[in-house]
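One structure is given here, and the rest of the page talks about it.
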Amino acid sequence: LQEDKRIVTVGHAPTGIRSRLTLTLGVLNHAAVVLFLVTGSGKAQMVRRVLDQESEADRSLPAARISVASGRLVWLLDHSAAQQLKKTPSHRGEA
């Protein structure tokens with residue numbers, strides 16, 4: 001993600017799929033739309049760490065470093081993934 005000369009790199013993970021293509025932050029931050037789709041309670045703590053607005057987001061997490069320049073950043077969370085977030089009014093239906 002931190003690569004600044006290429007738009008795509010080969011990422012290596014310690015578990016699961018070992019090699020994968022990764023768009024760099026420069027590409028993601030200049031996208032028209034960046035959408036995160038997060039499901040499951042196993043992701044709830046990470047979602048809180050990225051989206052917690054009362055404290056600085058944990059910049060060690062790749063998702064926290066996405067800062068779309070002029071496009072839209074959209075988070076779609078199921079109830080389980082959102083369980084550690086503070087309750088706020090719904091923005092359902094807004095375009």
Residues that are in contact (Cβ under 8 Å) with a residue 24 or more places away in the chain and among the basic types (Lys, Arg), drawn from region 31-59: LYS43, ARG48
What are the residue pairs meeting all of these: first residue in region 60-87, first residue closer than 14 Å to LEU35 by Cα, second residue surrounded by fewer than 10 Cβ atoms within 10 Å (Cβ to Cβ) and among the aliphatic types (A, V, I, L, M), Cβ atoms under 6 Å, and 6 or more apart or on different chains? GLY71/ALA32; GLY71/VAL33; ARG72/VAL33
Which residues, counting only those in region 1-11, are in contact with a strand residue (DSSP E or B) (Cβ under 6 Å, 6 or more places away or on another chain) and modelled with pLDDT of 75 or more? VAL8, THR9, VAL10, GLY11
Counting only residues in region 1-36 that are outside any strand (DSSP E or B) and of a type in the set (S, T, N, Q), the one farthest from ARG59 (Cα to Cα) is identified as THR15
Scan region 31-45 and tell me whether some residue there is in contact with a helix residue (DSSP H, G or I) (Cβ under 9 Å, 6 or more places away or on another chain), surrounded by 16 or more Cβ atoms within 10 Å (Cβ to Cβ) and modelled with pLDDT under 95. no
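The values are calculated or read from the model by the stated rules, or taken from the named source; none is laboratory data. Owing to the predicted nature of the structure, the values given are computational and were not obtained by experimental measurement. Don't worry about glycine lacking a Cβ; one is built from the backbone with ideal geometry, like all the others, and counts go over all protein chains shown.
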